[in-house]
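A.B. asks: Please read through the structure below; I'll follow up with questions.
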């Protein structure tokens, strides 16, 4: 589909982020099932709750700009999820699996942070300041999730090192 103006590219980018937000919600739910550790499972389920809130904010962005999400065909997120499932299935050590799941959660969150940073700038460029506020709040939540996940990962590694 040919893109004719900045608003259309903004809607396309916002659509991609909305689709990714749905995908992240499902992936965090799946990761929580794979975690095999109550503390990590709980942390991932908290991310599901936050992801669902972000989905509502993104829906509000579309309402504000008077647009509907575009149907996009990107495969990057699906490939990430397929690789994750395959790689987790190959890890035999439960502790190694937990650490891997946390590391991949950070990876996914950093990818999302980049999307939100770019989209917030695009909202400002296209004059959608209210949308920019909503997107920046989503970005702040993603940044907080990365910090919490890194802290959990560090604590896990420290416990493992202390036990050795």
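A.B. asks: Using a basic spin-label model with each label point 7 Å from the Cα along Cα→Cβ, how many nm lie between residue 75 and residue 53?
C.D. replies: If labels sit at residue 75 and residue 53, their model points lie 3.6 nm apart.
A.B. asks: State the extension gain, in nm to one decimal, for the chain segment bounded by residue 89 and residue 160, taking 0.36 nm per residue of separation less the distance between their alpha-carbons. Mind dumping the intermediate values first?
C.D. replies: Working: separation 71, 0.36 × 71 = 25.56 nm, distance 2.15 nm.
In short, 23.4 nm is gained.
A.B. asks: Give, in nm to one decimal, the length gained when the segment between residue 33 and residue 111 is fully stretched (0.36 nm per residue of separation minus the Cα-Cα distance).
C.D. replies: Values: separation 78, 0.36 × 78 = 28.08 nm, distance 2.19 nm.
Contour length minus Cα-Cα distance gives 25.9 nm.
A.B. asks: Moving to a separate point now. Among 85, 19, which comes first, then next, by fewest other beta-carbon atoms within 10 Å? Numbers along the way, then the final one.
C.D. replies: Numbers: 85 14, 19 17.
In increasing order of surrounding Cβ atoms, one gets 85, 19.
A.B. asks: In what sequence do 148, 18, 154 fall when counting other Cβ within 10 Å, fewest first? All intermediate terms of the calculation are to be shown ahead of the outcome.
C.D. replies: Working: 148 15, 18 20, 154 11.
Fewest to most other Cβ atoms nearby, the residues stand as 154, 148, 18.
A.B. asks: With viscosity set to 1.306 mPa s at 10 °C, what whole-number translational diffusion coefficient in µm²/s follows for the chain from Stokes-Einstein and a Kirkwood radius over Cα pairs?
C.D. replies: Rounded to a whole number, D works out at 94 µm²/s.
A.B. asks: In terms of the Cα gyration tensor, with a ≥ b ≥ c the square roots of its eigenvalues, is the stretch 72-155 rounded because a/c is under 1.5, prolate because a/b exceeds b/c, or oblate? Numbers along the way, then the final one.
C.D. replies: Working: a/c = 5.08, a/b = 1.80, b/c = 2.82.
Oblate, because a/c is 1.5 or more while a/b does not exceed b/c.
A.B. asks: For the chain, what does the relative contact order come out to in percent, with C-alpha contacts under 8 Å and a separation of six or more?
C.D. replies: Result for the chain is 27 percent.
A.B. asks: Let me ask you something else. Give the angle, between 0 and 90 degrees and rounded to the nearest 10, that separates the Cα long axis of helix 6-34 from the longest principal axis of the Cα atoms of the chain.
C.D. replies: Long axis of 6-34 versus the principal axis of the chain: about 20 degrees.
A.B. asks: When a/c reaches 1.5 or more, the comparison of a/b and b/c decides; with that in mind, is the stretch 70-111 rounded, prolate or oblate per its Cα gyration tensor?
C.D. replies: On the way: a/c = 4.95, a/b = 1.96, b/c = 2.52.
Oblate, since a/c reaches 1.5 and b/c is not below a/b.
A.B. asks: Further, regarding this structure: If each residue's Cβ is checked for other Cβ atoms within 10 Å, how do 75, 142 rank with the fewest at the top?
C.D. replies: 75, 142
Values in this text are rule-based calculations from the coordinates and carry no lab data. Keep in mind it's a predicted model, so treat the numbers as computed, not measured. A quick note on method: Cβ atoms are made from the backbone with ideal geometry, for glycine too, and the neighbour counts reach across all protein chains shown.
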